[in-house]
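J.: Okay, handing you the structure first.
The values are calculated or read from the model by the stated rules, or taken from the named source; none is laboratory data. The structure presented is a predicted model; accordingly, all values stated were derived computationally and were not measured. FYI the Cβ positions are ideal-geometry reconstructions off the backbone, even for glycines, and counts take in every protein chain you see.
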Amino acid sequence: MDETAFRSQLASEGFDEIEARSMAPNLYNPPHCHPFEVRALMLTGKLTLGWEDQHRTFGPGEIFVMAAGCEHTEWFGAEGATYLVGRKRIPA
């Protein structure tokens, strides 16, 4: 999926905070969670997500999803990474 189509899909599904993010090489984010749902398209590099005793690596062209409140870790590969991310706030 290309960036334009992904942005359109995010907007149509209520993801109103959409941005491209670039992360430094070998960056590790320890266990944390977000108060919003995430859907992202990897553009460059690799990201390994860890959650519920699982680990999965995502590369260019792959989409990952993270539910609001899901505790997870993030590790960005040796090249760093760039991804297009949408966030959907969950009403309290």
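J.: Any idea how many residues of region 58-90 are of a type in the set (A, V, I, L, M) and either under 14 Å from Met23 (Cα atoms) or in contact with a Lys or Arg (Cβ under 7 Å, 6 or more places away or on another chain) (or both)?
T.: 6
J.: Filter region 43-92 down to the residues that are assigned to a strand (DSSP E or B) and in contact with a Cys (Cβ under 9 Å, 6 or more places away or on another chain) and list them by number.
T.: Trp51, Met66, His72
J.: Further, regarding this structure: Just one of Glu62, Glu79, Glu71 is surrounded by 13 or more Cβ atoms within 10 Å (Cβ to Cβ) and free of Cβ contacts under 8 Å to residues at least 60 places away in the same chain; which is it?
T.: Details: Glu79 fails: surrounded by 13 or more Cβ atoms within 10 Å (Cβ to Cβ); Glu71 fails: surrounded by 13 or more Cβ atoms within 10 Å (Cβ to Cβ).
Exactly one of Glu62, Glu79, Glu71 is surrounded by 13 or more Cβ atoms within 10 Å (Cβ to Cβ) and free of Cβ contacts under 8 Å to residues at least 60 places away in the same chain, namely Glu62.
J.: Among the listed residues Met1, Met66, Met42, which satisfies the condition of being touching a Leu at 6+ places or on another chain (Cβ under 9 Å) and modelled with pLDDT under 95?
T.: Answer to the selection: Met1.
J.: Which of the residues spanning region 33-58 are surrounded by 13 or more Cβ atoms within 10 Å (Cβ to Cβ) and either acidic (Asp, Glu) or touching a residue at least 40 places away in the same chain (Cβ under 8 Å) (or both)?
T.: Correct list: His34, Phe36, Glu37, Val38, Arg39, Ala40, Leu41, Met42, Leu43.
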